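Okay, so here's the structure we're looking at.
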């Protein structure tokens, strides 16, 4: 079940407008839901380990796709050394995107999280131009630059400024853009396809992430967390693990039927709803008229 090539040698197939729209809508809904659930876990329940939450999402992805492959529901290449060559550097971008995304969700209010995520659009455009040799009309370039410059106003007036949170979210922008562009590039790799990319991204990186979590003491904090017997928290945690798989699948699907830039823009549009809900969810948004007006302008 390998996707068709998107390289320069093989023109990208033209998919129907309905498939493009449905895959984009699926990604928007999935991304919205997981941000809300993750914010609830990391802020409302004060779960101490975003890294452990990421490990849970990776493990869920591995288990779902492994059993689906065993039942021949999905098909992708068995593991051998060639897989590492074919998929690199996606696993590194995957874990970087995963961890910095969860860390910034924990550190920042959702309105500021969504504003700073808009840098991803510009970064994706630059990477598509360099790696996929794509060209963009001037009106699109000017529109993206206007969005980026519009970010400055709410940033300057953020009363809850957190340097660590801002660092995580800007790193997350870089990882997201690179991951989206490389996913589009790798979808044409023989033997991998959509499901192979999902499975081996998680499979290759989950053990190193677990070891890093144990080495830093992060794993101990997660294991000794006081609410593991709290049914609402456990439900949220399990939903987040499942949604981690759903989100990654929706990203790959949207990137398959659309461009990496389209996937990024869909995420930005979805963030409008996240920003408003985030003013009430988590309790970490500090209101100021300057910041509020800035959020509405972009």
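When 229, 211 are checked against the criterion of being under 24 Å from residue 83 (Cβ atoms), surrounded by fewer than 20 Cβ atoms within 10 Å (Cβ to Cβ) and out of contact with any helix residue (DSSP H, G or I) (no Cβ under 6 Å at 6 or more places or on another chain), 211 stands alone in meeting it. If the condition is being surrounded by fewer than 20 Cβ atoms within 10 Å (Cβ to Cβ) and under 23 Å from residue 52 (Cα atoms), then segment 65-90 contributes 66, 67, 89. The single condition among (1) surrounded by fewer than 20 Cβ atoms within 10 Å (Cβ to Cβ); (2) closer than 30 Å to residue 81 by Cβ; (3) within 16 Å of the chain's Cα centre (by Cα) that residue 219 does not satisfy is (3). Only one of the numbered conditions (1) at pLDDT below 80; (2) loosely packed, with under 13 Cβ neighbours inside 10 Å; (3) under 24 Å from residue 58 (Cβ atoms) is not met by residue 270, and that is (2). Taking the numbered list (1) buried (at least 18 other Cβ atoms within 10 Å of the Cβ); (2) modelled with pLDDT under 80 in turn, residue 240 passes all entries but (2).
Beta carbons closer than 8 Å, at least 6 apart along the sequence or on distinct chains, pair a first residue in segment 126-142 that is without any contact (Cβ under 8 Å) to a residue 12 or more places away in the chain with a second that is exposed (fewer than 10 other Cβ atoms within 10 Å of the Cβ) for 129/135.
Considering only segment 100-111, I want to know if a residue exists there that is under 13 Å from residue 171 (Cα atoms) and modelled with pLDDT of 85 or more. Yes - at least one qualifying residue is present in segment 100-111.
The values are calculated or read from the model by the stated rules, or taken from the named source; none is laboratory data. No experiment lies behind these values; they were computed from the predicted model shown. Heads up, the Cβs are rebuilt from the backbone with ideal geometry, glycines too, and the neighbour counts pull from every protein chain shown.
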